[in-house]
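Read through the structure below, which is laid out as structure tokens, and then see the notes.
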Amino acid sequence: MWFEFSVYGLMMAATSVLAIFLFAYPILSRPKTRLRTYFLLLVLSAFFWSFGYFLEISSVELELMKFFNLVQYIGIVTLPVFFFFLILYFTREYGFIEQPLLLLLFFPSIIHYFLVLTDDFTHLFYESITLNTSEPFIRMELVYGTAFYSNMIYSYLLVFGAFYLLFRKFQETTPNETIIRSQIVVFTFGATFPILGNIIRVTKIIPPLDFLDLTPVAFMIAFVLFTYAIFEVGFLDLVPIARNHVFRDIHDMLIVLDSHLNIIDFNRSAHRIIFANRPESNIRNKNFKSIIYEQTKRNVHISNSNHLYQGISTLIKGKTGLYTQDTEIVFSGKQVERDYYNITATPLYQANRIVGAIILIRDISAQREADVVLQQKTQMQEVILQLLSHDLRNHLNVLKGYSELAVSSDSLEDTKESLEAIEVKSSAILDTINEVTNYLKIDKLLAGQRKQLNLNQVVVDAIEVMGPECAFKKVTIDFGHSSQPAYVWGDAVVLKSVTLNLLQNAIKFSPPNSTINVQIKDLQESAQWQVSIADNGPGINKGLQEEIFKPFVSFGTEKGTGLGLTIAKTVIESLAGEIWVRDNDPQGAIFYFVLPKITEDSEELLGK
């Protein structure tokens, strides 16, 4: 007879069966992850240990016992390594060890198992192995060797290293991270029992049990706790971990209240922004209204906070299903900051009963600014359409009148004057359309490719374009500049458009037979190029010299859309320049704009 079963042996068998049935289904039913893989390997190691020990203590022949001792040592030498790997990935500390180094952790285990296999020749693992036939059952009597203690020390280093990682992970979590903390506590508590059983076995500190290895028995207790960890606290389940990370790390602020409006939980954003990093003990379980009131006296003021508190109170009483409001929050630190937030509160239910509320606070400052800009653009487009409709209607009515006059007139001189007037009005219509078009696509104009260009050439090209108009108005343009290139960053088409607009205005208001002076000057002190366009027209009232760069502000008898100078100002300022107007002496106006010279830091100045 090879086997003789005892109560202790049956306990080992039960532990092995429990390992397979309690863990095979929940582990294999989880999504395949590295964490699940190491847990499965850990369970298999425990199975080899328990089942091998069951067969060993149930055997009656020494050689059979030694064989099953080799079987259980597959689990003994690998279990600490898999336990360390499991905790390493559970705590997400694997980043500090490269994958090849992790595999090297198996090397001592392989050496120790080789020494177990060859112990009959080396006697390094066991100095002696004898058969003990005394009560309560036949068993091996072992005298431990050097390799046995080497394996024990190495195994304990791995196990206590894993415990250290769990302890550090526990310290890193906050009290509101209950899921992770529960998993750590249950797992640590469960792993403690096999370790205690192994210490009792090795040290033989309990004489009545010195013949029995309690480690596999302790696995049964650990398996029950691990099963609880899987089903109750979501061990190996990514969902609660993901939910916890979302709650903790989400950019929006989250605050959880109980039915008495006491703060029971909050995430990092709320702690940093609303509670200004106050100690958590001064926030948790405190009344929401009193905390907000205290923060108002400090440096965080929520507008309409009383309305917010009343709304949440009504929500928890079940009178409303949702509360939301947009409000301003003022942060008064070294600098006063005003931001806009949307606050939404929803009830928390348990067994169809409201037990609290969760408050979501989202920063909507950027959205609000975008809405304001969109609203302004919409209003601006409406004004532009009204302006365009009005100006075009007036110009077309005049064109119609001159056309009728030219058709009906018998005088060649009258017909010529009518045609000249039609040409002027046609140009005015084109100017109106061009200005409106440029204003509507100003964003695209500013997005043009910026490159190095010679400002002298830009101005020369613009003057050439205005040649026919100068001839028609009998106006000359005197362009004064040095032979030195005036290099700036910009888009040639856009800068030419700005220069054309300024030249058109100068020509429009200049009297016949007058001269428009255009100059490019080197401002060495400020490292800028200055362009000036001076006319001898009626000039611009000082009260209007700042206003004319605003949309729809026009001047003089020949008023335009009032958009040309607005476009010019936007373009020049986008290139880190300035534009302004001053009186000309003795009469007229001088428009100036400056642009930075190309230097080492000019690209950085322009945000390139």
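Structure above, values below:
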item	result
Solvent-accessible surface (1.4 angstrom probe) belonging to residue 213, in square angstrom, nearest 10	10 Å²
Additional length obtainable on full extension of the chain from residue 522 to residue 587, 0.36 nm per residue less Cα span	20.9 nm
Estimated FRET transfer efficiency (residue 17, residue 366; beta-carbon r; R0 51 Å; 0.05)	0.25
Area of residue 360 that stays accessible when all protein chains are in place (1.4 Å probe, Å², to 10)	50 Å²
Dipole magnitude of the range 500-558 about its Cα centre (Cβ charges: Lys, Arg +1; Asp, Glu -1), debye to nearest 20	100 debye
Extension gain from residue 224 to residue 286, taking 0.36 nm per residue of separation minus the Cα-Cα distance	18.5 nm
Sites residue 426 and residue 474, calculated FRET efficiency, Cβ-Cβ separation with R0 22 Å, nearest 0.05	0.70
Simple spin-label estimate for residue 310 and residue 60 in nanometres, 7 Å along Cα-Cβ	8.9 nm
Added length on full extension, which subtracts the Cα-Cα distance from 0.36 nm per residue, residue 133 to residue 515	124.8 nm
Zone of residue 320's modelled label, taken as backbone nitrogen in the range 346-367 under 11 Å from a point 7 Å along Cα→Cβ	346
Exposure ranking of 529, 489 by accessible area [1.4 Å probe, largest first]	489, 529
Two-site label geometry, residue 258 and residue 544: point separation in nm, points 7 Å out along Cα→Cβ	7.2 nm
Unsatisfied cross-links (Cα-Cα over 21 Å) in the set 474/508; 451/597; 416/473; 400/474	400/474
Residue 396 - accessible surface, heavy atoms, 1.4 Å probe, Å² rounded to 10	100 Å²
Out-of-range pairs (alpha-carbon distance over 28 Å; input 297/319; 542/569; 169/289; 169/317; 286/317)	297/319; 169/289; 169/317
Distance in nm between pseudo-label sites at residue 160 and residue 294 (7 Å out along the Cβ direction from Cα)	4.2 nm
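The values are calculated or read from the model by the stated rules, or taken from the named source; none is laboratory data. Computed from a predicted model, the values in this text were never measured in an experiment. Note: ideal-geometry Cβ built from the backbone for every residue, glycine included; neighbour counts use all protein chains shown. These area figures cover heavy atoms from the full protein model, side chains too; ligands, DNA and RNA do not enter into them. Shrake-Rupley method; radii C 1.70, N 1.55, O 1.52, S 1.80 Å.
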